[in-house]
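**Student:** Pasting a structure below so you can have a look.
The values are calculated or read from the model by the stated rules, or taken from the named source; none is laboratory data. Just so it is clear, the structure is predicted and the values come from calculations on it, not from any experiment. Cβ atoms come from the backbone with ideal geometry, glycine included; neighbour counts cover every protein chain shown.
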Amino acid sequence: MEFSGLIKIAMHGAHPCDLDRRDWESGSGVLVDSVVPWIEQVLQGCVEVGRPVMMQACMYLMTPDGDFIIDFLGEEFGKDVVVAEGFSSHDFKMGPVVGRILAEMVIDGEVVGFELKHFRLGRFEEDPKGNAKEFEDQVSSHVNP
């Protein structure tokens, strides 16, 4: 949804929830407390209002480690089935490169120029939490607790 003259700012990461029992209102105070200092610091002098003028709760699915899955399904399917998921609402900005990777996988059966080990589906068999994070800022505090 577009609103003229407004900037969309989103806070990534939240607590896990039950899709059928979610509370669309919870966390709005946390959002304001987190976003207002960021607006004041980053957008100082660029915006007329230093706080949200409207808020909307949104949901998205994430893999346990917050990383994408881009892989061949394998086993009896070999390279006939390509899997790409877990984009956690980042798919729009990653669309061009992911599209190129998927096209190469489907057409050529391999990808040239991109290392996809980090995005393997099988990483969850090795560790249910997926990829280890080396730095705190690589993942929300609500992922991989």
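**Student:** Identify all residues within the range 53-94 that are small (Gly, Ala, Ser) and touching a helix residue (DSSP H, G or I) at 6+ places or on another chain (Cβ under 9 Å); write none if there are none.
**Tutor:** Ala57, Gly66, Ala84, Gly86
**Student:** Also, I was wondering about something else. Out of the range 61-87, which residues are surrounded by 13 or more Cβ atoms within 10 Å (Cβ to Cβ), without any contact (Cβ under 8 Å) to a residue 60 or more places away in the chain and assigned to a loop (DSSP other than H, G, I, E, B)?
**Tutor:** Here is the first cut: in the range 61-87, the residues surrounded by 13 or more Cβ atoms within 10 Å (Cβ to Cβ) are 62-74, 79, 81-87.
When the remaining residues are screened for being without any contact (Cβ under 8 Å) to a residue 60 or more places away in the chain, the result is 68-74, 79, 81-87.
Scanning the range 61-87 gives Phe68, Leu73, Gly74, Lys79, Val81, Gly86, Phe87.
**Student:** Out of (1) within 19 Å of Ile9 (Cβ to Cβ); (2) at pLDDT 80 or above, the odd one out for His90 is which?
**Tutor:** Checking His90 against (1) within 19 Å of Ile9 (Cβ to Cβ); (2) at pLDDT 80 or above, the one that fails is (2).
**Student:** Sticking with this structure for a sec: Take the range 23-44 and flag every residue that is at pLDDT below 75 and part of a loop (DSSP other than H, G, I, E, B).
**Tutor:** Those that are at pLDDT below 75 and part of a loop (DSSP other than H, G, I, E, B): Asp23, Trp24, Glu25, Ser26, Gly27.
**Student:** Here's another thing I want to ask about it. Residues in the range 88-96: is at least one touching a residue at least 12 places away in the same chain (Cβ under 8 Å), in a helix (DSSP H, G or I), of a type outside the set (Lys, Arg) and not assigned by TED's automatic domain parsing to the domain that holds Ala10?
**Tutor:** Yes - at least one qualifying residue is present in the range 88-96.
**Student:** On to the next question. If I go through the range 102-145 residue by residue, how many of them are polar (S, T, N, Q) and at pLDDT 70 or above? Working first, answer last.
**Tutor:** We begin by selecting, within the range 102-145, every residue polar (S, T, N, Q); these are 131, 138, 140-141, 144.
Next cut, at pLDDT 70 or above only: 131.
Counting residues in the range 102-145 that are polar (S, T, N, Q) and at pLDDT 70 or above gives 1.
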